[in-house]
Amino acid sequence: MDNSDTIYALASARGRAGVAIIRLSGPHAFAACITLAGLVPPLRQARLSVLKHDGLELDQALVLAFGKGASFTGEDIVELHLHGGIAVIDSVLRALSRFENLRLAEPGEFTRRALENDCLDLAQVEGLADLIEAETEAQRKQAYRVLSGVLGDKTSIWRNDLLRATALLEATIDFVDEAVPVDVFPEVKELVSRTLLAISNEINGSFIAERIRDGFEVAIVGPPNIGKSTLLNAISGRDAAITSSIAGTTRDVIEVQMDLNGLSVTFLDMAGIRESGDEIEILGVERAIKRASEADIRLFVVSADKDLSNIDILVKADDIVAYGKTDTIGGISHGISGKTGFGVERVLNQISAILGERASKAGSFTRERHRIALEKAAVGLGSVIDLLSDEANMPEIIADELRLVVRSLDSLIGRVDVEQVLGEIFSSFCIGK
């Protein structure tokens with residue numbers, strides 16, 4: 001990709017709509033605007049213009065212009081707000097394709113230019129990708145925080161503290177043959193310890209933040225023919241799973257994703273857990289046990305005696321155990337029935353409360369890449385604290401260790417090692433973004 005090129009693309013969704021937006025970015029954006037619209041409107045002020053090409057009127061459009069250094073990409077940008085008919089969009093894109101100095105943008109190229117022109121850091125780019133993909137309120141809020149630069153702000157604080165610590169150590173190295181008026185090691189240790197505590201807290205919160213981003217999983221677990229599939233259908237409001245009075249109907253994992261009070265939650269219905277001589281059912285049970293063990297919550301649906309002895313899955317603290325098929329059993333207040341809906345709302349509220357409590361402890365760092373960099377930094381800071389406690393006082397080694405930690409933090413926002421993650425990130429963007 002050449003940043004001297006001027007690129008263009010449809011920035012709104014493809015298809016019939018009231019309004020469509022075509023974006024141009026680069027050194028020839030304003031010249032192309034003059035050719036199409038007859039003028040470049042005052043920056044950041046919309047103007048209605050008739051778009052023409054080769055003497056043919058294409059559409060009436062609102063035209064917006066943003067100057068270099070004050071736009072999304074950091075370059076000259078023009079936005080054409082058209083009527084959203086497919087033929088209208090195609091006619092303008094076809095006209096732009098005939099301009100000698102313009103080319104169609106590649107996926108994510110507008111955002112990549114924003115990164116390369118220091119309008120966004122790498123973490124903000126990831127936040128933008130997550131914001132575009134967000135389907136629930138919790139995902140939107142989390143992605144918007146990342147896009148707003150919270151990761152860069154926190155990283156900057158840690159980085160400045162560690163650079164201060166490094167500078168103090170280097171002062172002792174520079175004056176090794178002279179008496180340094182102040183013992184710098186207590187301040188260095190305080191700076192490092194404070195940063196390590198903050199990073200450790202973020203590592204712990206990153207696991208929940210990643211679950212908010214990717215979605216939580218709730219596994220419905222129990223013996224065959226206890227009403228798990230009927231319950232899944234009741235939760236989803238549709239016939240997502242086949243139900244039958246014949247035990248062992250479900251052989252594979254059936255997933256239903258839903259928005260549960262702003263959180264993305266996938267409910268899993270799986271094979272009933274029992275001993276079987278059926279090879280396919282055995283595979284289904286093995287898959288069920290593995291998937292249920294990895295889920296965030298397990299909803300155990302059991303018979304009236306609440307016998308879990310035949311279910312080879314450990315019940316954890318937040319798991320829920322309920323009687324199944326309470327439509328056939330009278331006088332049970334803590335059961336659940338997908339057929340009648342009894343207990344379904346109560347259990348959903350219980351799941352929502354558990355996951356909501358977990359979500360409240362989410363950190364700011366949302367991806368595995370972030371956590372790996374933070375963990376690497378934490379290990380390095382732990383080594384620094386050990387070295388500071390060593391009576392040998394080796395400031396050169398400690399300073400080198402701190403520089404490696406700073407490099408790990410720099411990788412979070414793309415100061416270093418940026419190229420290795422760009423392909424993965426931008427593959428998720430559409431062409432107009």
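Values in this text are rule-based calculations from the coordinates and carry no lab data. Keep in mind it's a predicted model, so treat the numbers as computed, not measured. Here the Cβ is made from the backbone with ideal geometry for all residues, glycine too, and neighbour counts use every protein chain on show.
Using only alpha carbons, the stretch 58-187 has a radius of gyration to Kirkwood radius ratio (Rg to Rh) of 1.25.
The order of the peptides 287-295, 365-373 by mean Cβ neighbours within 10 Å, most packed first, is 365-373, 287-295. Fewest Cβ neighbours within 10 Å first, please rank Ile173, Ile212 accordingly. By the 10 Å Cβ count, ascending, the order reads Ile173, Ile212. Here the Karplus curve 6.51 cos²θ - 1.76 cosθ + 1.60, taken at θ = phi - 60°, turns the phi angles of the stretch 96-112 into couplings of 5, 5, 8, 7, 5, 9, 10, 9, 5, 5, 8, x, x, 5, 4, 5, 4 Hz, with x standing for Gly and Pro. Debye-formula intensities of the stretch 11-72, expressed as log10 I(q)/I(0) at q = 0.14, 0.16, 0.18 Å⁻¹, are -0.42, -0.55, -0.70 (one equal scatterer per alpha-carbon, no solvent). For the listed peptides 85-91, 408-414, 18-24, a ranking on the average number of other beta carbons within 10 Å per residue, highest first, reads 408-414, 18-24, 85-91.
Its Cα gyration tensor gives the stretch 1-116 an equivalent ellipsoid. The semi-axes, each the square root of 5 times an eigenvalue, are 20, 15, 14 Å from largest down.
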